[in-house]
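Written below as structure tokens is the structure these notes are about.
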Amino acid sequence: MHEYKAKIKRFVDGDTVDVDIDLGFGIVLVKQRIRLYGIDTPESRTRDKEEKFYGKLAAKFLKDQCKKSSSITLRTHLDMKGKYGRILGEIIVEGVNINKLMIE
């Protein structure tokens, strides 16, 4: 696992965010798509009204938790990527693991 400082630029849905990752020494990876490791929320972009409702609820929860700080810690898992090429990671805000919080 590796940990980096990052800033969330966009909330895509309840389990995916776009971030700028600070690698240190002035090197920043811009607009990287991160899939929350171990999280699979209902889709917020679907015609199924019930799934859409819960998908938007999950996205709002994620956004509300991450708004508590201007920057986050991103913990990646062995540079693994999901099936869509997104980096898999955990979001830590002020010492709280948001992935674990979402499961609770």
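At a glance:
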{"read-out": "Cα-projected label distance for D18 with K60, points at 7 Å along beta-carbon direction, nm", "value": "2.4"}
{"read-out": "Exposed-loop-free span, longest in the chain, where trypsin sites (Lys or Arg not before Pro) count as exposed if DSSP calls them loop and at most 16 other C-beta atoms lie within 10 Å", "value": "1-44"}
{"read-out": "Whole-angstrom gap from segment 53-104 to segment 1-24, using each part's C-alpha centre", "value": "8"}
{"read-out": "Relative contact order of the chain, defined on C-alpha pairs under 8 angstrom at six or more residues apart (%)", "value": "29"}
{"read-out": "Cleavage-rule hits, chymotrypsin sites (Phe, Trp or Tyr not before Pro), segment 23-57, DSSP coil, Cβ neighbours within 10 Å at most 14", "value": "F25"}
{"read-out": "Sorted by Cβ density within 10 Å, fewest first, the residues E43, E50", "value": "E50, E43"}
{"read-out": "Gain on full stretching of the segment that runs from H2 to K31 - 0.36 nm per residue minus C-alpha separation", "value": "8.6 nm"}
{"read-out": "Convex hull per residue volume in Å³, alpha carbons only, for the chain", "value": "98"}
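Bear in mind that the values in this text are calculations on the coordinates, not laboratory data. Nothing here was measured: the structure is a model prediction, and the numbers come from that model. Glycine gets a Cβ as well: all are built from the backbone with ideal geometry, and neighbour counts include every protein chain shown.
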